[in-house]
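Report on one structure; see the data block that follows.
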Amino acid sequence: MFINSQYFIYMIPAFILMALTSWYVRATYARWSRIPARSQMTGYQAAQRLIERGGLYNIQIEGTAGNLTDHYDPRRKTLALSRGVAESASVASLAIAAHELGHALQDKEEYFPLRLRSALVPMVQIGSNFGWVLIIIGLFLSYSGMALGVDIAWLGVAAFAGGAVFALATLPVELNASKRARQLLADTGLIQGEDEQRGVNNVLNAAALTYVAAVVVAVLQLLYYVSLVGGLGRRRR
């Protein structure tokens, strides 16, 4: 029911793009995680320094399981660092810690794109859960001969479109956090020399690429479901 010629046009490139992006990010991180920063500060120590520099005294640092799972939670005002970042004094660790502190600065300043993304979260969660359900129900009813099925499927597509909107809204938030990270590291002297600056740029650019890829993948998924339901509607006519 879900597989047709359009699947290979939209979804296969999406899978390939996700795989290539994931490989590139991990390869870039692995390379620069082996390069020690001259400041000799770990990701945890750098985060503490940047918290003081930014006056973010309400921010708590905590650990999180996994690899490259670092994130900032604006609801709990916590900076979660993975063990590999928190305990390593590498160029990659400093770049990642500074990027997450960039989000904390956005939160402090009530940066509008961050507030917009946060506001979209409930809609995206509902759309992701119920969009699939509505599409499946709509396709099932349509193949059963009920014309109403197409309309229900279109409702599912509209709900699923929230994911593409969220991915698009996330992009400026992440790019701005990386811009702030570069400035923070330069101003505090945590990164020294052109080689370390190049490493920071490489790590942050690789991370940014994941969000660009997320937008492309979300749009390709949406286009696939549009083509699937649109083709169903044409057959019904």
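Take the Cα of Val215, step 7 Å toward its Cβ, do the same at Leu17, and the gap between the two points is 1.1 nm. With helices as the sole contributors, the chain gives -27000 deg cm²/dmol at 222 nm; each DSSP H run of n ≥ 4 counts as -39500 (n - 2.57), and the sum is divided by every residue. Would you tally the net charge around Ile51, using a Cβ to Cβ cut-off of less than 12 Å, leaving Ile51 out, and scoring K and R as +1, D and E as -1? Net charge in that neighbourhood comes out at +2. Helix 5-32 axis versus longest C-alpha principal axis of the chain: approximately 10°, rounded to the nearest ten. Please get the size of the charge dipole for the chain, origin at its Cα centre, with Cβ charges of +1 on Lys and Arg and -1 on Asp and Glu, quoted in debye to the nearest 20. Roughly 500 debye, rounded to the nearest 20.
Once divided by 2.2 N^0.38 Å, the Cα radius of gyration of the chain becomes 1.21.
With a cut-off of at most 16 other beta carbons within 10 Å, and DSSP calling the residue loop, which GluC sites (Glu not before Pro) in segment 60-114 qualify? Please list them. Listed in order of number, the matching sites are Glu87, Glu109, Glu110.
If you sort the three axes of the alpha carbon gyration tensor as a ≥ b ≥ c, you get a/c of 1.5 or more for segment 125-183 and a/b above b/c, which makes it prolate.
Counting charges near Asp107 (Lys, Arg +1; Asp, Glu -1) among other residues having Cβ under 13 Å from its Cβ returns a value of +3. For Ser90, the residues whose modelled amide H falls within less than 5 Å of its own, excluding neighbours fewer than 5 places apart on the same chain, are Ala37, Gly43. The residues of the chain present an accessible area of 52 Å² per residue when probed at 1.4 Å with all protein chains retained. Pairing the Cα long axis of helix 112-143 with the longest principal axis of the chain, what angle in degrees results, from 0 to 90 and rounded to the nearest 10? That helix lies at roughly 30 degrees to the long axis.
Within segment 67-124, the trypsin sites (Lys or Arg not before Pro) that combine a DSSP coil assignment with at most 14 other C-beta atoms in a 10 angstrom radius are Arg75, Arg76, Lys77.
On the chain, 61 percent of the accessible area sits on carbon and sulfur atoms, based on a 1.4 Å probe. Within the chain, DSSP assigns beta bridges of which about 45% are antiparallel (rounded to the nearest 5). Backbone amide hydrogens, once placed in the peptide plane, bring Ile61 within less than 5 Å of Leu79, excluding anything fewer than 5 places away on its chain.
The values are calculated or read from the model by the stated rules, or taken from the named source; none is laboratory data. Nothing here was measured: the structure is a model prediction, and the numbers come from that model. Don't worry about glycine lacking a Cβ; one is built from the backbone with ideal geometry, like all the others, and counts go over all protein chains shown. Heavy atoms of the whole protein, side chains included, go into the accessibility calculation; ligands, DNA and RNA do not. Shrake-Rupley method; radii C 1.70, N 1.55, O 1.52, S 1.80 Å.
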